1. So VAL41 ticks every box in (1) at pLDDT below 70; (2) within 24 Å of HIS110 (Cα to Cα); (3) part of a loop (DSSP other than H, G, I, E, B) but one. Which box is left unticked?
2. Could you list all residues from region 171-226 that are within 18 Å of PHE114 (Cα to Cα) and in a loop (DSSP other than H, G, I, E, B)?
3. Have a look at LEU191, LEU211, LEU227, LEU178 and point out the one that is within 27 Å of PHE137 (Cα to Cα), among the hydrophobic types (A, V, I, L, M, F, W, C) and open to solvent by 90 Å² or more (accessible area, probe 1.4 Å).
4. What are the pairs, 6+ residues apart or on separate chains, where a residue within region 8-32 that is closer than 22 Å to PHE205 by Cβ and assigned to a loop (DSSP other than H, G, I, E, B) has its Cβ under 9 Å from a residue that is open to solvent by 90 Å² or more (accessible area, probe 1.4 Å) and of a type in the set (D, E, K, R)?
5. Based on this model, can you work out whether THR32 counts as modelled with pLDDT of 70 or more and more than 22 Å from SER111 (Cα to Cα)?
6. Among the candidates LEU127, LEU106, LEU102, LEU131, which residue alone is of a type in the set (A, V, I, L, M), closer than 30 Å to VAL203 by Cβ and in contact with a helix residue (DSSP H, G or I) (Cβ under 8 Å, 6 or more places away or on another chain)?
7. Scan the helices (runs of 4 or more DSSP H) fully inside region 58-159 and keep the ones with 1 or more residues being free of Cβ contacts under 8 Å to residues at least 24 places away in the same chain and of a type in the set (S, T, N, Q).
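The values are calculated or read from the model by the stated rules, or taken from the named source; none is laboratory data. Source: prediction; values computed, not measured. Cβ coordinates were reconstructed from backbone atoms using ideal geometry, including for glycine residues, and neighbour counts include every protein chain displayed. What goes into the accessible areas is simple: the full protein's heavy atoms, side chains included, and nothing from ligands, DNA or RNA. Shrake-Rupley method; radii C 1.70, N 1.55, O 1.52, S 1.80 Å.
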Amino acid sequence: CKGFNSLAVTGVMENAPNKSHFHPKMLVSMETFLYDDPAFVENWMNINAYTYIKIRETSDVKQVESKLTPFIHKYMAADVAQFGIDISEWKSGLQPLQSIHLRSNLKHEHSINFNITYLYIYAAIALFLLLVVCINFINLSIARSIKRTREIGIRKVVGAHQTSIFTQFIGETFMVVLIAFVISICIVQVLLPFVSSFLEQDVTFDNISKLSMVLISTSIIIVTALLSG
């Protein structure tokens, strides 16, 4: 840091998660800058900082956004004029914090963000592969069902209804899909390091226990079982 001979450590924080756009090695308060060199922070052009603000839930985001550009023009016009820059071309806006990692590609980002388009591509490929697997499973089930015609016929003779036979086949399919899901989770855990190396991204699988992921996984299992069954 500029002019700092020593700094006192007042707290230690955990590393930011991989999906964060912000991975600081240390944080220094603005008060520390003011104490070290008050004149340094008087010029707005010296402050190269990312600004985060928290807006009240009842506030109108568009109204707050409309006041940012006039605010910057008012306080930075003189400093910017020294460099021959026309500040009238500067425009400011608000960006949701959670959209930065996947939907932001601005100049001077904290780090290289991930592009949400790739997620859509990967999801489309995964759904296509899942559909192909379901079709193959249907073909195998039809082939196996031919060998089970005697079993189904005997069950009908002894009084089994169509609903119970349907429930049996759906139940068997559900168990196969559930077992396949568990095996796939294990395979993913093993292959994650290789996938991370191939994509040159630190891919993690730490959200599987979250409620949203549990609901999504359960929905995929049910839909796949019904579709293929």
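1. (3)
2. GLU200, GLN201, ASP202, VAL203, THR204, PHE205, ASP206, ASN207
3. Details: LEU191 fails: open to solvent by 90 Å² or more (accessible area, probe 1.4 Å); LEU211 fails: within 27 Å of PHE137 (Cα to Cα); LEU178 fails: open to solvent by 90 Å² or more (accessible area, probe 1.4 Å).
Within the list LEU191, LEU211, LEU227, LEU178, the selection yields LEU227.
4. Listed by first residue and then by second, the contacts come to PRO17/ASP206; ASN18/ASP202; ASN18/ASP206.
5. Working: modelled with pLDDT of 70 or more: yes; more than 22 Å from SER111 (Cα to Cα): yes.
The answer is yes for THR32.
6. Values: LEU127 fails: in contact with a helix residue (DSSP H, G or I) (Cβ under 8 Å, 6 or more places away or on another chain); LEU106 fails: in contact with a helix residue (DSSP H, G or I) (Cβ under 8 Å, 6 or more places away or on another chain); LEU131 fails: in contact with a helix residue (DSSP H, G or I) (Cβ under 8 Å, 6 or more places away or on another chain).
Of the residues listed, the single one that is of a type in the set (A, V, I, L, M), closer than 30 Å to VAL203 by Cβ and in contact with a helix residue (DSSP H, G or I) (Cβ under 8 Å, 6 or more places away or on another chain) is LEU102.
7. Details: elements: 61-81, 100-103, 116-147, 149-157.
It comes to 61-81, 116-147, 149-157.
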